[in-house]
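The block underneath contains the structure these notes are about, expressed in structure tokens.
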Amino acid sequence: MAADMEVVTLILEENKERLEKTASVLKNEYTSIRAGRANPHVLDKVQVDYYGQPSPINQVGNISVQDGRCLVIAPWDKSMLKNIEKAILVSNIGLTPTNDGTVIRLVFPELTEERRKDICKQVKKMAEDSKIAVRNIRRDALEALKKMNKNKEITDDEYSGFEKDVEKEVTKTIETIDKVAAEKEKDVMTV
């Protein structure tokens with residue numbers, strides 16, 4: 001019976017880990033959504049060709065926020081200006097770089113009301129996708145526990161208790177997702 005409890009513990013721990021990771025991934029994705037203010041995280045996924053090697057943009061230069069709506073990228077090697085500019089254009093982040101020969105500037109335009117609403121729809125869709133992932137994780141955990149119950153490795157009462165543990169973690173994760181999504185929507189809609 002002790003070995004069975006170890007399996008149950010593993011199932012519950014894996015469930016919790018996967019749920020936390022789902023919420024963490026959503027938070028990370030939200031950092032790359034621009035809300036009208038200069039945010040260096042919009043460049044996190046941009047890869048620059050650095051002497052034949054794709055490298056994150058923050059490893060080929062210094063990124064700083066000049067004012068509320070302008071990012072300045074100062075490459076450590078001035079010959080990289082064209083590559084950085086090209087990488088930003090190819091990345092399709094919706095910003096046009098301006099190159100003055102020493103630095104690249106990215107000016108974030110003011111978001112229109114319509115664009116803010118579109119971004120909010122995107123935020124909601126990402127949250128819903130995360131909730132779907134959470135429900136799939138719950139299903140996997142409950143199926144594993146159900147299989148153990150069916151094979152008489154755990155009793156009905158134990159199964160019921162473990163099911164409640166799984167539901168508690170799922171509820172907590174969905175609350176986190178809703179909270180993070182609401183914060184991002186508020187951020188986007190703030191002018």
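The values are calculated or read from the model by the stated rules, or taken from the named source; none is laboratory data. None of these values were measured; they are calculated from a predicted model. Glycine also receives a Cβ, built like all others from the backbone with ideal geometry; neighbour counts cover every protein chain displayed. Areas reflect the complete protein model, heavy atoms only, side chains present, ligands, DNA and RNA absent. Shrake-Rupley method; radii C 1.70, N 1.55, O 1.52, S 1.80 Å.
Selection within the range 42-78: residues that are open to solvent by 40 Å² or more (accessible area, probe 1.4 Å) and touching a Phe, Trp or Tyr at 6+ places or on another chain (Cβ under 9 Å). The member of this set that is modelled with the lowest pLDDT is Gly68. When the residues of the range 94-105 are filtered to those that are in contact (Cβ under 8 Å) with a residue 12 or more places away in the chain and open to solvent by 40 Å² or more (accessible area, probe 1.4 Å), the one that is nearest to Gln47 (Cα to Cα) is Gly94. All of (1) part of a helix (DSSP H, G or I); (2) farther than 30 Å from Leu10 by Cβ hold for Arg105 with one exception: (1).
Every test in (1) open to solvent by 60 Å² or more (accessible area, probe 1.4 Å); (2) closer than 21 Å to Ala181 by Cβ is passed by Ala127 save one, and that test is (1). Scanning the range 106-119 for residues that are among the hydrophobic types (A, V, I, L, M, F, W, C) and open to solvent by 10 Å² or more (accessible area, probe 1.4 Å), which turns out modelled with the highest pLDDT? This residue is Val107. Residues considered: Asp165, Asp129. Of these, the only one that is without any contact (Cβ under 8 Å) to a residue 60 or more places away in the chain and either closer than 22 Å to Ser24 by Cα or in contact with a strand residue (DSSP E or B) (Cβ under 7 Å, 6 or more places away or on another chain) (or both) is Asp129. Flag set for Leu81, criterion: surrounded by 14 or more Cβ atoms within 10 Å (Cβ to Cβ), in a helix (DSSP H, G or I) and free of Cβ contacts under 8 Å to residues at least 24 places away in the same chain. Each residue in the range 13-41 was checked for being more than 15 Å from Val134 (Cβ to Cβ) and open to solvent by 80 Å² or more (accessible area, probe 1.4 Å), and 4 pass.
Contact map, the range 8-34: residues that are among the basic types (Lys, Arg) paired with residues that are open to solvent by less than 50 Å² (accessible area, probe 1.4 Å), Cβ distance under 7 Å, separation 6+ or inter-chain. Pairs shown: Lys16/Glu169; Arg18/Ile137; Lys27/Val180; Arg34/Val42; Arg34/Phe108. The residues of the range 163-191 that are open to solvent by less than 30 Å² (accessible area, probe 1.4 Å) and either among the aromatic types (Phe, Trp, Tyr) or in contact with a Lys or Arg (Cβ under 7 Å, 6 or more places away or on another chain) (or both), listed by number, are Val166, Val170, Ile177, Val180, Ala181, Val188. For the range 132-160, a residue qualifies if it is surrounded by fewer than 14 Cβ atoms within 10 Å (Cβ to Cβ), without any contact (Cβ under 8 Å) to a residue 12 or more places away in the chain and in a helix (DSSP H, G or I), and the qualifying residues are Ile132, Asn136, Arg139, Glu143, Lys147, Lys150, Asp156, Asp157, Ser160.
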